[in-house]
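Participant: Right, I'll just put the structure down here and ask away after.
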Amino acid sequence: MKGLLSLQPFPSLSTFTNPPRRPSSSAPLRAQQSEITQGSDSALEGRVSELKIDEKEVGMYQNEVVASQGIRIRRRPPTGPPLHYVGPFEFRLQNEGNTPRNILEEIIWHKDKEVSQMKERKPLYTLKKALENVPPPRDFIAALQSARQRTALPALIAEVKKASPSRGILREDFNPVEIAQAYEKGGAACLSVLTDEKYFKGSFENLQAIRNAGVECPLLCKEFIVEAWQIYYGRSKGADAVLLIASVLPDLDIKYMIKICKILGMATVVEVHDEREMDRVLAIEGVELIGINNRNLDTFEVDIGITKKLLEGERGKLIRQKGIMVVGESGLFTPEDIAFVQEAGVKAVLVGESLVKQSDPGKGISALFGRDISA
Ligand SMILES: O=C(O)c1ccccc1NCC(=O)[C@H](O)[C@H](O)COP(=O)(O)O
């Protein structure tokens, strides 16, 4: 058989019953945590050092939780090819498993390397020092609530998005500051700024430039977060909120990162795409904003019916009981789309393509909502 590397006696019955395990990311998480708790004596440092991960939970995470959470995205390529079983034999196929299974996995593997390099150039302690001179974060959730009250429509998080893996370049004459200013003038409550360079042609410089240009809307750092270091980095560039993707991050990482954000005064949008992710996130304490992404990142198919499906029945009830604000994300183009997701229960929408492609993205907002929402 092609790629056959080794042939060994079948090890034990437990191999049948235990799902294959990806390399655990709890070690990096613990390393991150000790990195975050080490060091200087600032007030922020003191509050961060109060964070403790329950050892019991960490042990459970390593052995059971990742597999049981059904997380589809592997944080990095498996170190070796996976095991296969045929009858009593175990064998390995060369390279299988070391190719990303979808675009999100490819992005995450790239991000993992990128962040390691960035951390070397800007270690956490220098970021923490820099934070002492950064103006305090703006209240992302309050801005959404007040826009909703003002318009009786879902609050708008307008995305500054030059390109995407599914659509390629969305706008050639891309001036992030002008687009952000047009969005603010057009009635956006908050802005989302893509910072990934390789796949979205965004940057942290864009985020910082928008913040420094006097735009008042709170800013969501639209990054693929795999490490807490990125949250500090985003804050140092003026971010007021970050996105945490449930198909990438295990529960323990989400909990931990929410705590970091609370300490830094930032909001988190925890993104889900299916029922399993929604149920995981609903069980996590401290979640205030859930984003439902209508885009399937395996196939790029967009279906706004996903939002409705995830908000039906008991889930919708629990979300209302917990006072969680839901953000409908992706594939929203018309006033009918907005009405559909509003009817389903969303209180905010995150929109990129349909606005950024308009010659005047601010006027695009009125077209999207069917009326002027700026006043
Ligand atoms: O937009 C993509 O092609 C994409 C691919 C892989 C991962 C994430 C992706 N999009 C991120 C987003 O969440 C959207 O930019 C955001 O929801 C706005 O969507 P849209 O209004 O459809 O531009």
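The values are calculated or read from the model by the stated rules, or taken from the named source; none is laboratory data. Note that this is a predicted model, so its numbers are computed, not measured. Cβ coordinates were reconstructed from backbone atoms using ideal geometry, including for glycine residues, and neighbour counts include every protein chain displayed.
Participant: Restricting to the stretch 168-189, name every residue that is in contact with a helix residue (DSSP H, G or I) (Cβ under 6 Å, 6 or more places away or on another chain), within 12 Å of the ligand (Cβ to nearest atom) and of a type outside the set (A, V, I, L, M, F, W, C).
Facilitator: ARG171
Participant: Are any residues in the stretch 224-256 without any contact (Cβ under 8 Å) to a residue 60 or more places away in the chain, within 29 Å of GLU275 (Cβ to Cβ) and not hydrophobic (A, V, I, L, M, F, W, C), and if so, which ones?
Facilitator: LYS255
Participant: Restricting attention to the stretch 282-306, and to residues there that are more than 14 Å from the ligand (Cβ to nearest atom) and charged (D, E, K, R), which single residue is farthest from VAL346 (Cα to Cα)?
Facilitator: Within the stretch 282-306, the subset more than 14 Å from the ligand (Cβ to nearest atom) is 282-288, 305.
Next cut, charged (D, E, K, R) only: 285, 288.
Numbers: GLU285: 20, GLU288: 13 Å.
Per the criteria, the residue is GLU285.
Participant: Continuing with the same structure: Could you tell me how many of the residues in the stretch 336-366 are under 18 Å from LEU170 (Cα atoms) and not acidic (Asp, Glu)?
Facilitator: 14
Participant: Looking only at the stretch 87-143, how many residues end up being at pLDDT below 90 and either over 19 Å from the mean Cα position of the chain (by Cα) or under 30 Å from ASN212 (Cα atoms) (or both)?
Facilitator: Going through the stretch 87-143 one residue at a time, the tally reaches 13.
Participant: So which pairs qualify, if the first residue must be in the stretch 330-345 and without any contact (Cβ under 8 Å) to a residue 40 or more places away in the chain, the second must be of a type in the set (A, V, I, L, M) and away from the ligand (no atom under 15 Å from the Cβ), the Cβ gap must be under 6 Å, and the two must be at least 6 apart or on different chains?
Facilitator: Partner pairs satisfying both residue conditions: ALA344/LEU311; GLY345/LEU311.
Participant: Is it true that GLU312 is free of Cβ contacts under 8 Å to residues at least 60 places away in the same chain, more than 13 Å from the ligand (Cβ to nearest atom) and more than 24 Å from VAL242 (Cβ to Cβ)?
Facilitator: Values: free of Cβ contacts under 8 Å to residues at least 60 places away in the same chain: yes; more than 13 Å from the ligand (Cβ to nearest atom): yes; more than 24 Å from VAL242 (Cβ to Cβ): yes.
Yes.
Participant: Across the stretch 218-244, what is the total count of residues that are touching a Gly at 6+ places or on another chain (Cβ under 9 Å) and acidic (Asp, Glu)?
Facilitator: 2
Participant: Kindly provide the set of residues from the stretch 320-337 that are surrounded by 19 or more Cβ atoms within 10 Å (Cβ to Cβ) and away from the ligand (no atom under 12 Å from the Cβ), ordered by number. So that I can check it myself, show each step before the final result.
Facilitator: At the first step, the residues of the stretch 320-337 found to be surrounded by 19 or more Cβ atoms within 10 Å (Cβ to Cβ) are 325-332, 337.
Of everything in the stretch 320-337, those that are surrounded by 19 or more Cβ atoms within 10 Å (Cβ to Cβ) and away from the ligand (no atom under 12 Å from the Cβ) turn out to be MET325, VAL326.
Participant: Also, quick follow-up: Taking the stated definitions as given, is GLU205 under 19 Å from LYS119 (Cβ atoms), part of a loop (DSSP other than H, G, I, E, B), over 12 Å from the mean Cα position of the chain (by Cα) and modelled with pLDDT of 95 or more? Write out each step before concluding.
Facilitator: On the way: under 19 Å from LYS119 (Cβ atoms): yes; part of a loop (DSSP other than H, G, I, E, B): no; over 12 Å from the mean Cα position of the chain (by Cα): yes; modelled with pLDDT of 95 or more: yes.
Considered against the rule, which asks whether it is under 19 Å from LYS119 (Cβ atoms), part of a loop (DSSP other than H, G, I, E, B), over 12 Å from the mean Cα position of the chain (by Cα) and modelled with pLDDT of 95 or more, GLU205 comes out as no.
Participant: So which of SER116, SER192, SER146 ends up being hydroxyl-bearing (Ser, Thr, Tyr), within 22 Å of LYS347 (Cα to Cα), more than 16 Å from the ligand (Cβ to nearest atom) and out of contact with any Gly (no Cβ under 6 Å at 6 or more places or on another chain)? Full working, then the answer.
Facilitator: Values: SER116 fails: within 22 Å of LYS347 (Cα to Cα); SER192 fails: more than 16 Å from the ligand (Cβ to nearest atom).
After ruling out the rest, the residue left standing is SER146.
Let's see how each residue does on (1) of a type in the set (A, V, I, L, M); (2) within 15 Å of the chain's Cα centre (by Cα):
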{"residue": "ALA155", "(1), (2)": "yes, no"}
{"residue": "GLY187", "(1), (2)": "no, no"}
{"residue": "LYS201", "(1), (2)": "no, no"}
{"residue": "ARG211", "(1), (2)": "no, no"}
{"residue": "ILE231", "(1), (2)": "yes, yes"}
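Participant: So which residues in the stretch 348-361 are in contact (Cβ under 8 Å) with a residue 12 or more places away in the chain and within 16 Å of the ligand (Cβ to nearest atom), if there are any at all?
Facilitator: Filtering the stretch 348-361 down to residues in contact (Cβ under 8 Å) with a residue 12 or more places away in the chain leaves 348-357, 360-361.
ALA348, VAL349, LEU350, VAL351, GLY352, GLU353, SER354, LEU355, VAL356, LYS357, PRO361, listed by residue number.
Participant: Then there's this: Out of (1) assigned to a helix (DSSP H, G or I); (2) free of Cβ contacts under 8 Å to residues at least 60 places away in the same chain, the odd one out for VAL215 is which?
Facilitator: (1)
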